[in-house]
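Since the structure comes first, as structure tokens, the remarks are kept for the end.
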Amino acid sequence: MSNQHLNNEDHNNHEGNDQHKQTFISKYVFSMDHKMIAKQFLITGIIMGCLGVLMSMVFRLQLAFPDTPFPFMENFMGHWAKDGRLDPSFYLALITIHGTIMVFYVLTAGLSGTFSNLLIPLQIGARDMASPLFNMLSYWFFLLSSLVLVSSLFVDGGPASSGWTIYPPLSALPTAISGSGMGMTLWLIAIILFVVSSLLGGVNYIATVINMRTLGMKMTRLPLTVWSFLLTAILGLLSFPVLLGAGLLLIFDRSFGTSFYLSDIPADLAGGIERVGGSPILFQHLFWFLGHPEVYIIILPALGITSEVLATNARKPIFGYRAMIGSMIAIAVLSFVVWGHHMFVTGMNPFLGSVFVLGTLIIAVPSAVKTFNYLATLWKGNLRLTPAMLFAIGLVSFFISGGLTGLFLGNAALDINLHDTYFVVAHFHIVMGSAAIFGMMSGIYHWYPKMFGRMMNSTLGYLHFWITFIAAYCVFFPMHFMGLAGVPRRYYAITAYDQFDVFVNMNVFITIAALIGGAAQLIFLFNFFYSIRKGKKAEQNPWESNTLEWTTPVERIHGNWPGEIPHVYRWPYDYSKPGALTDFIPQNIPDEGQTDPLEETKPPVHA
Amino acid sequence: MKILIQLRQSIFLFSALFLLSFNIQSQSADEGAKLFKANCGSCHAIDQKVVGPALKGVHNKYDEAWLLKWIKNSQELIKSGDSKAIKAFEENNKIVMTSFTNLTDEQVKLIIAFVKSESEKAPVAEVAASANVENVETEPLPSIIIWLLVIVSILLIAVIITMKKVMSIIGSAEDLAIFNWNEINATLLIIFLVVGLGASFWEFFVHGAFTVLATPAASEHGTIYDSMFSITLALTGIVFVITQILLFWYSYRYKHDPKRKALYYPDNHKLELIWTVIPALVLTVLVVRGLQTWSSITDRKQAESAQVIEVFGQQFSWIVRYAGADNKLGPHDFRQIGVVNTVGVDPKSQTSKDDIITSELHLKLGQPVVLKFRSRDVIHSAYLPHFRVQMNVVPGLPTQFTFTPTVTTASMRKTLNDPKFDYVILCNKICGAAHYRMTTTVIVESPEEYNKWLGEQPKLVPAATTSEKVQPGETKLLTQKN
């Protein structure tokens, strides 16, 4: 009831759209409108993504042609690529920053930040987020964090180079690797700012979903996107603080001479203070307590987007709506008790290892349910293969391929010989990297009209999809075999080992595929920025979708709906319902004889 | 009394060191080569820059006294304000060179002598090398690839420049609907399925042959590992093929048709139960088999009767220590690394006397061994793919792995038809700039060959001094870690 009260009040404020004047600064820069903040997240994410992808191109060139100098590299990397040869420690810096950018800045903030912001208020029927101020701060902390991270590329000694997992002692001892000096300090500051941003966003998403749903929007009528954002926010809220703690302790070890993560390190290696009594493995436990839920923080929103896009474009209800929610909850809960599977070969007690094996393989059950439900959704559908739909199908394909290799890695016994090899690289780049990027792309193509009021060009979209899809499989599928041959990841070159010579050609092939895949993103970038101004004008509901965001006007006004917020009468997946005139029935359309939820909330009148 | 003990200690140490250095000096020039390979080879080569600079002619550039200081602790030299040191540091991107406090002056001199002799004969070596590697290393980018890349990028640039025109053409084409994109995409999806599955199988048979799984495991538990792997591969392979076929087939079969209406089919509890229970059953098989395999591999009882060998990791090399006849490793202390000897082992302890330090790992065929891992600086990971062995090497946290080698290097060479093949320990946890070159050779040989080799290796404490009685309590200086 308080909802209704709030909404009405809001509604009065915003009627007549933009009575209060907006300056350029308040509209585009320090905006508190969730739709603008979503766009800010997206564009920052895209820029960071370009940086991450460019880095991967540089180290892919190195991996394919380890003995060929590329003089052009010296032009933009200076002494890190003297005579066109990439420096081995800068190679490590590149993979570290590539990983950090892709995992945190693109697939966490860029994906979840964008779509949670855009869709939560629009799909639950709210004027804005619970706290627009927090929302704005969340973006600005994220931007600040991005800037700090990027600035670390230019400091003395280079950026952090101990892998995105920054295991101490390598990350704690500046004598161990040049990137563990100033670069590492900036990395830690950037991540702390990032955690703050993520927490500010997270509490906001949770509060908004729980408190601000429009009348009739029961939890069991929420689109699966919103469910996935809600669970993602809960995961983030519970796990990011642990990373913050881990990072703070690492700062103490680095700068104040403590030994939380250090043991048996003589004074000459550790800045003149002997370090005893800590445990490097403690850091790994803390890191992966976030790190594992983090992969679900990445993949759940992508799966939510996929559910929505598949159902809409298959013109068919998502199969097993409640099972989908159930499996997402199961995944979210289980994701907190499996972090140890990243640490099977750290010397952990084998019994503890067994517990983590059990938990990890159990996660495969809800994941399988989700996959089969997707397949059942496609079955006997009427598929509109829009770019968004193609990317969603691509996601399902990656989710299957990468999910299955998880069964090898999650089994401690098999992990012995696969841990930290290219098999792992292949696994997570398919199931978390490619799948989540495809989910993000799917979302961008699908909700672009909602963000910019125009359509992206679909022909370029098809081209983008096909080149990216084929390139991604060509890049990551062969890597499984390198891993099975025992090629370790994070190697600057494998030429020192005769037995790996058979992979010289494969590395060249992978690099060419990666370059083509990277170039295909130019098509996307062009399409994205060109369509903002020149795209075809969007209709109000271009995909004939049921969810509430398509009941808002194309103009994307402050407060979302010009009049009253629509009330909700049904679940979001009434596609091709027998007996209906159209093949979709938006959530705000009542059935015959259905009463307004407003009436339901009034106390019964006694005669 | 105390003074007496100390005096005795220092005399003892002195004599041990003296004998050790005497031992070394008496060895030939290839000791220098060995030392170079074990200590310097992961970062340096004579003729080319690796992680550190090429060392050719380094003996002319700097005098020996300076080199000694630099090699033993370059950071100290830089801090002391030595201009040559600062210059060298900055020229190499300020990559910190590992300190070799553990090397004696004589050892460093042997290394410098080796570099000198190599530098002088380098021209010959160069010719040999270029003849040797012509087909792999010195070959420039295959020209076809360069041209391909050039053409692709020119095309891309051209497309981007004329994008505006292209867009208007595409735009009008879309309105005309010359292409039925739904049809085209659906067809492409089915083509992708067929080609993709074909390519997967092709890869499996072609590239699968390169993997360690195509060659039998060289350890006892490796065979159990391989069977577990096969089971997992079979089950996941079946699921992979079925689900991918369904996904792409449905996407093709149910493509949009304005005359058809999708089936309203929101739920079916029976179906959902089926596809919850079946994966659960399959996973039960994997979990049960997996845990059986895991507990048999990690069973700590095996270690009790196994031969003890220590593998010590440091940036960027491996050092191996054999426990000797008593099968007990001498106690060590991280503070003594590089002070008393390379690995910081107390030379006075009774259990250390017969310890043997080497840079290669030799294993006796069929002899269960327990590798005990220790690290000097950061986390490394000892990865022996052919034996299906991997364990992290963590400073301050002892770890171990027990296994039994079952195939000698010689017979593996025959199986693989590669006379140069060697088992290796790879470092598999990012550990610094030369991580990718941190390796050592593992040799599995018959008991006779093994005993012969081990007999040739010098003991940690040369036999002459072992007769000296050690006072009980002296070992307290060093903490027992194993």
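The values are calculated or read from the model by the stated rules, or taken from the named source; none is laboratory data. The structure presented is a predicted model; accordingly, all values stated were derived computationally and were not measured. Positions of Cβ are backbone-derived with ideal geometry, glycine not excepted, and every protein chain shown enters the neighbour counts. Quick note on the areas: whole protein, heavy atoms, side chains included, nothing else; ligands and nucleic acids left out. Shrake-Rupley method; radii C 1.70, N 1.55, O 1.52, S 1.80 Å.
With every protein chain left in place, what is the accessible area of A:Ile25 in Å² (1.4 Å probe, nearest 10)? Estimated to the nearest 10 Å², A:Ile25 gives 90 Å².
Distance between the 7 Å Cα→Cβ label points at A:Asn349 and A:Asn505: 5.1 nm. Ligands, DNA and RNA aside, A:Leu522 has an accessible area near 80 Å² when probed at 1.4 Å.
In the range A:448-607, the portion of solvent-accessible area held by carbon and sulfur atoms comes to 61 percent [1.4 Å probe, whole percent, DNA, RNA and ligands not counted]. The figure for A:Ile516 is an accessible area of roughly 80 square angstrom, using a 1.4 Å probe on the protein chains alone. Once the chain from B:Ser446 to B:Ser83 is taken as fully extended at 0.36 nm per residue, the excess over their C-alpha distance is 125.3 nm.
For a modelled paramagnetic label at A:Val29, 7 Å from Cα along Cα-to-Cβ, the residues of the range A:135-166 in reach, with backbone nitrogen under 18 Å, are A:136-145, A:147. Helix-only arithmetic for chain A: the sum of -39500 (n - 2.57) across DSSP H runs with n ≥ 4, divided by the residue total, places the mean residue ellipticity at 222 nm at -19500 deg cm²/dmol. Comparing Cα centroids, the range A:414-484 and the range A:298-366 end up 18 angstrom apart. On the protein heavy atoms, probe 1.4 angstrom, tell me the percent of accessible surface of the range B:211-290 carried by carbon and sulfur. Ligands and nucleic acids excluded, carbon and sulfur reach 73 percent. Here is the list for the range B:267-323: trypsin sites (Lys or Arg not before Pro) lying in DSSP coil, each with at most 12 other C-beta atoms within 10 angstrom of its C-beta, are B:Arg300. Seen against the Cα atoms of chain A and their longest principal axis, helix A:34-64 is set at about 30 degrees. The H on the amide N of B:Val389, modeled in the peptide plane, is under 5 Å from the matching H of B:Leu384, each at least 5 residues off or on a different chain.
Full-extension gain between B:Gln350 and B:Asp30, please, as 0.36 nm times their residue separation minus the C-alpha to C-alpha distance. Working shown, then result.
Values: separation 320, 0.36 × 320 = 115.20 nm, distance 3.15 nm.
Fully extending the segment from B:Gln350 to B:Asp30 adds 112.0 nm.
Rounded to 0.05, the FRET efficiency of the A:Leu147 and A:Lys536 pair, given R0 = 56 Å and the Cβ-Cβ distance, is 0.95.
Nothing charged except the Cβ atoms of Lys and Arg (+1) and of Asp and Glu (-1): what's the magnitude of the dipole of the range A:480-607 about its Cα centre? Round to the nearest 20 debye. Can you show the working numbers first?
Working: 10 positive and 14 negative charges, 155 e Å.
For the range A:480-607, the charge dipole is close to 740 debye.
Helix A:387-409 and the long axis of chain A differ in direction by around 50°, with both axes built from C-alpha atoms. Under the simplified labelling scheme, the A:Leu358-A:Leu282 pair shows an inter-label distance of 2.8 nm, with each label point 7 Å from Cα along Cα→Cβ. Here the accessible area is traced with a 1.4 Å probe on the protein chains. For the range B:28-133, carbon and sulfur cover 57 percent of it. The residues of chain A present an accessible area of 31 Å² per residue when probed at 1.4 Å with all protein chains retained.
Panel note: contact residues of the range A:291-318 (accessible area lowered by at least 40 Å² against the chain on its own; 1.4 Å probe) correspond to A:Pro317. Simple point charges give the picture: +1 on the Cβ of Lys and Arg, -1 on the Cβ of Asp and Glu, and for the range B:305-477 a dipole about the Cα centre of about 320 debye.
So how much accessible surface do B and A hide from each other in total, probe 1.4 Å, in square angstrom to the nearest 100?
The contact between A and B buries close to 11400 Å².
My understanding is that a pair violates if its Cα-Cα distance is over 18 Å; which of B:Lys34/B:Lys116; A:Lys450/A:Lys536; B:Lys37/B:Lys109; B:Lys34/B:Lys328 do that in this structure? Violating the 18 Å Cα-Cα cut-off are B:Lys34/B:Lys328. Dipole check for the range B:28-133: with +1 at the C-beta of Lys and Arg, -1 at the C-beta of Asp and Glu, and the Cα centre as origin, the magnitude is about 240 Debye. Does the range B:398-446 come out rounded, prolate or oblate by the C-alpha gyration tensor, with a ≥ b ≥ c the root eigenvalues, rounded set by a/c under 1.5 and, if not, prolate when a/b is larger than b/c and oblate if not? It is oblate, given that a/c is not under 1.5 and a/b is not larger than b/c. Modelled this way, with points 7 Å down the Cα-to-C-beta line, the labels at B:Val285 and A:Met57 are 4.6 nm from one another. Of the residues A:Val195, A:Leu230, A:Tyr167, the one whose Cα sits farthest toward the positive end of the charge dipole of chain A, with +1 on the Cβ of Lys and Arg and -1 on the Cβ of Asp and Glu, is A:Leu230. Charges on Cβ only, +1 for Lys and Arg, -1 for Asp and Glu, centred on the Cα centroid of the protein assembly as shown; of A:Gly559, A:Tyr462, B:Ile151, which one is farthest towards the dipole's positive end? Checked the options; the winner is A:Gly559.
Computed from the C-beta positions of A:Ile329 and B:Ser230 and an R0 of 25 Å, the FRET efficiency is 0.10 to the nearest 0.05.
Between B:Glu90 and A:Leu525, the C-beta separation translates, for a Förster distance of 41 Å, into a calculated FRET efficiency of about 0.60. For the range A:161-202, heavy-atom accessible area (probe 1.4 Å) falls by no less than 30 Å² from the chain alone to the full protein assembly at A:Tyr167, A:Pro169, A:Leu170, A:Thr175, A:Ala176, A:Ser178.
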